[in-house]
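Data block below; observations after.
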Amino acid sequence: MQRKILIAIDGPSGAGKSTLAKAIAEKLDIMHLDTGALFRALGYAALKKGFDTRNSEQATKLVKEIELDVKFEGKSQKVLIDGRDVTPYIRTEDVSIAASNISVHSIVRDYVLLQERQLAEKESFVLDGRDIGTVVLPNADLKVFLTATPQVRAERRLLDLINAGDQNAEYEQVLRDIKKRDDQDSNRQTAPTRMADDAFLIDSSNLTIEETIAQMLALVEQICRE
Ligand code: DC
């Protein structure tokens, strides 16, 4: 890939954004930024400090007290809180909820926005998140909104949990959690999950990951020809 290119993939949790973004970044040999990991790192830090993630004053205190950094080892993304790599600890259900809660506060969003834009300024990136096409990079070269039904997303998430060794994971609970997060992420006041007017919609409910990647690559080829 010669010219600098920025690709935004937004959508609800469990739609497969990160998997798709990673695959596209690899194909194009550019960087991938999983922006959810930044909110997850902040959610994790808040839990560690015993802060209430719903409370905006405590969220403000948190972003003033700690330092969040994103580092890349090759293409592998790490999130650091006060210099410590917290990447291994941010994929639990507790952290998912804390990340969703803390991402509601505009001070938190501004803090993360700055880092996202600083990174995207330097080189080509595929960014995945909720508000990349609408708020973070409104001029992205390609915007995709990736979705799937809550039921399909819950089935995929359940499989991930079981594969990760959580034998107690239960479909109904996972579905409830997904719907709750959808509701909170799409109905918050600042930068809710929303498809940009100029985004392409991909519904992966009935697609394999290979088919989803193929659809996306066709869109990439289209914009590279323009
Ligand atoms: O994509 P994820 O599940 O790792 O994201 C975790 C939470 O972070 C999600 O519930 C909402 C928030 N988030 C956000 O508000 N904006 C983004 N661009 C990415 C994630």
**Request:** Working carefully through the options T53, T19, find the one that is more than 10 Å from the ligand (Cβ to nearest atom), surrounded by 16 or more Cβ atoms within 10 Å (Cβ to Cβ), part of a loop (DSSP other than H, G, I, E, B) and at negative phi.
**Result:** T53
**Prompt:** Quick check, is A37 in contact with a Gly (Cβ under 9 Å, 6 or more places away or on another chain) and crowded, with 19+ Cβ neighbours inside 10 Å?
**Reply:** no
**Message:** Conditions first: (1) more than 19 Å from the chain's Cα centre (by Cα); (2) modelled with pLDDT of 95 or more. A169 passes all but one, so which condition is the exception?
**Reply:** (2)
**Request:** Could you grab the pairs with beta carbons closer than 9 Å, sequence gap of 6+ or different chains, first residue in the range 90-116 and within 19 Å of D69 (Cβ to Cβ) and assigned to a loop (DSSP other than H, G, I, E, B), second one at pLDDT below 95 and aliphatic (A, V, I, L, M)?
**Result:** R91/A164; S103/A191
**Pairs, first within 26 Å of D198 (Cβ to Cβ) in the range 139-168, second hydroxyl-bearing (S, T, Y) and outside any loop (DSSP other than H, G, I, E, B), C-beta under 9 Å, six or more apart** = K143/T134; L146/T212; R153/T147
**Item:** In the range 120-145, the residues that are away from the ligand (no atom under 11 Å from the Cβ) and not aliphatic (A, V, I, L, M)
**Value:** E121, K122, E123, S124, F125, P138, N139, D141, K143, F145
**Request:** Tell me, yes or no, whether the range 193-201 has at least one residue that is in contact (Cβ under 8 Å) with a residue 12 or more places away in the chain, within 16 Å of the ligand (Cβ to nearest atom), within 17 Å of I97 (Cα to Cα) and crowded, with 16+ Cβ neighbours inside 10 Å.
**Result:** yes
**Prompt:** Taking the condition within 13 Å of the ligand (Cβ to nearest atom), of a type in the set (A, V, I, L, M), under 30 Å from A23 (Cα atoms) and at pLDDT 95 or above, does I97 pass?
**Reply:** no
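The values are calculated or read from the model by the stated rules, or taken from the named source; none is laboratory data. Every value quoted in this text rests on a predicted model; they were computed, and no experiment measured them. Positions of Cβ are generated from backbone atoms using ideal geometry, with glycine treated the same way; all protein chains shown enter the neighbour counts.
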